[in-house]
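Have a look at the structure below, then the notes.
The values are calculated or read from the model by the stated rules, or taken from the named source; none is laboratory data. In this text, all values refer to a predicted model and were calculated from it rather than measured experimentally. Glycine also receives a Cβ, built like all others from the backbone with ideal geometry; neighbour counts cover every protein chain displayed. What goes into the accessible areas is simple: the full protein's heavy atoms, side chains included, and nothing from ligands, DNA or RNA. Shrake-Rupley method; radii C 1.70, N 1.55, O 1.52, S 1.80 Å.
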Amino acid sequence: MAKKDKKKNERPEPPEAEVLEETLVAATDLEQPPEEVQYTDTSYTSASFESLPPPVEEIKPKKKKGKKEKVEEVVVAKKTTSSFDWSDESIADEEPPVEEEEDQSKLKKKGKKGKKDKKKEEIPEFEKPPNWRKMNKKERENWLLQRIEEWRAEKEAEKQAILAGAKEKRLAEARARANLMAKDKEQMDVRKDLLRKTITLFQKFEQQKLEFEKRKNLRAEWNQYLRCDGLPDPRVVTQMNTYLHLWRQQDMCDDNDLDRRCVEVLPMLDLLDEITADTRQYTDSQIRNFNEVRVALREELSNAIQFASYTLLRDLEHRFQWPSIKLTTYEREFKGLRLNFWVAVRMPTRKPKPIEPEPEPVELSFPAMKVAIKLPKIIDGSCACVRAARSLVDLLSERSRTFPLAADLNNKYEDLFTFNVKEHELTYKLKAEQEEVRTKFYKDIAAKIKEIETFIKSNPFLKNEKEKEELDNLNMAEPQGLPDPRSFFIEQNELAFTKYLKQCNYKTKPGEINLRKYRVCGGILNVDLLTTPPQAKRMAGGISLTTRELITHFAITTVWLSC
């Protein structure tokens, strides 16, 4: 760069200029060099150049040590003013290129070293001492080197402390696990002793209860046999099937038959509910048979209510009360059932008016049930029939899709003693497996550490930075995925129960009630809008003519109340 700038600053020599020859003058330490005087064609003298800065000397390569010359050769150039232009600009431009060459030479030297040292050590900025400004350059460098060595020693001490702490922590955790399992074993022995005594006591009470229930059933069977009322024994499935078969053969059922059926069936249903509630006394096939009989008995009782309602509505004249000529009602209370009717009697057709007024909604009430109903305007109130039935027995829930349990709970009757013993055995089994995994893991780590240490000792002249870093990582390594055995089984039990609850969930349709979420208590109130069947017509000679039709009803709404 300096050579290029010099070429730019040089000007072409005029043809008439005289070129002076260069002379070499030897200078010693004893003699002073003579003063140089330059003579040019102009009128300037040497005194005119005293204010100019000295010329920049060219950088010479350093000579080797031991080869020193006592006499230095000084090159003095005698040139004309036509070949040099001494200006401030040219002098100022000559200094920066020298610095650029020095920087480039340093970068080249650093680049060669950088290829070997890929990873540089990051040295933090240290706090300067109070006498930093008074220190010279050499003292500062010595202080910085000493501080770096101290920092490296501190860093190495911290690393060794961390490794020692990791080993101590590992040993402490192993001792804590051993102490915890030993303590848990002692507590489990005490717990097993207490649970064994408690379970034995409860089993004794349960056995006494079963014997009492057995004597009670035998006494009830004997009383049933002595009554000779023709009713079946609910504990005998064959008798119940015969009773249901004879019931289905009946064509019609009026309110008196409904009253008799309620008296007969409700005690049977209560007994069947008790039998199916505790399934430990019977086998699975027996429980299945009892459930089939119980559901069939509920269906037949519900059908009996429908048949009785149809029979009552076929004879409004004799079975209903007539508060007015246009209205008739019916009220009767059975065992576990209340049945009410409100019927608007159909009158002879009239000639329609030219402009019919807007119909008014029909309002009616059932004082015995404390229920009031307001029908929509679109329903013709002149021939409406409303039935309200409130039963203390839930006859509709078991027909619902959401009533049965979606998934049965496993080990529902397992006692606490058996559950704790199984959990304790599984915990110790898992602990033994974890100890085997830890032993194998640390054995492999020790083999790798020994291999790396042997490699480092066999190559003492290498830095082995990667090997040392890997050695530190191996010393800090711990086996993963080994939870506490007792906490693990607690979490597994919670997850299993959550999964079971998800299996019991139902996706209900719009307007459908989830009976696994809500339970009917205190009976059910059904409000239905029915069609009045055709009535019997009296004819001469005591003959009555009737038209027989199937039951058709249109449910306006069904209300289930919990009282």
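General remarks:
- Options GLN208, GLN239, GLN224, GLN203: the member that is at pLDDT below 90, of a type outside the set (Gly, Ala, Ser) and within 58 Å of the chain's Cα centre (by Cα): GLN203
- Look at segment 197-214: where a residue is among the basic types (Lys, Arg), no partner that is modelled with pLDDT under 90 and in a helix (DSSP H, G or I) sits 6+ places away or on another chain with Cβ atoms under 8 Å.
- Helices (runs of 4 or more DSSP H) completely within segment 223-321 that count 2 or more residues being in contact with a Lys or Arg (Cβ under 8 Å, 6 or more places away or on another chain) and crowded, with 16+ Cβ neighbours inside 10 Å: 255-277, 284-314
- Of all residues in segment 432-453, those satisfying the criterion of being aliphatic (A, V, I, L, M) and without any contact (Cβ under 8 Å) to a residue 40 or more places away in the chain are ALA432, ILE445, ALA446, ALA447, ILE449, ILE452.
- Just so you know, in segment 470-502 the residues that are more than 18 Å from the chain's Cα centre (by Cα) and under 30 Å from ALA406 (Cα atoms) include one that is most open to solvent (accessible area, probe 1.4 Å), and it is SER487.
- Selection of segment 329-362 for residues being acidic (Asp, Glu) and modelled with pLDDT of 90 or more yields GLU331, GLU333.
- If only residues of segment 437-450 that are surrounded by 11 or more Cβ atoms within 10 Å (Cβ to Cβ) and of a type in the set (D, E, K, R) are counted, the one that is nearest to ALA178 (Cα to Cα) is ARG438.
- Test: residue in segment 345-358 that is of a type outside the set (Gly, Ala, Ser) and in contact (Cβ under 8 Å) with a residue 40 or more places away in the chain: yes
- Per-region count, segment 158-188, residues of a type outside the set (S, T, N, Q), over 37 Å from the mean Cα position of the chain (by Cα) and open to solvent by 60 Å² or more (accessible area, probe 1.4 Å): 3
- PHE461 meets each of the listed conditions (1) out of contact with any helix residue (DSSP H, G or I) (no Cβ under 6 Å at 6 or more places or on another chain); (2) hydrophobic (A, V, I, L, M, F, W, C); (3) at pLDDT 85 or above apart from (3).
- Pairs with Cβ under 7 Å, 6+ apart, first in segment 392-417 and more than 30 Å from THR200 (Cβ to Cβ), second basic (Lys, Arg): LEU395/ARG298; GLU398/ARG298; THR402/ARG516
- Among the residues of this structure, GLN146 counts as one that is under 30 Å from LEU471 (Cβ atoms) and modelled with pLDDT of 85 or more.
- Criterion violated by LYS216 - all others in (1) in contact with a Pro (Cβ under 7 Å, 6 or more places away or on another chain); (2) exposed (fewer than 15 other Cβ atoms within 10 Å of the Cβ) satisfied: (1)
- Residue among LYS509, LYS502 that alone is assigned to a loop (DSSP other than H, G, I, E, B), without any contact (Cβ under 8 Å) to a residue 40 or more places away in the chain and of a type in the set (D, E, K, R): LYS509
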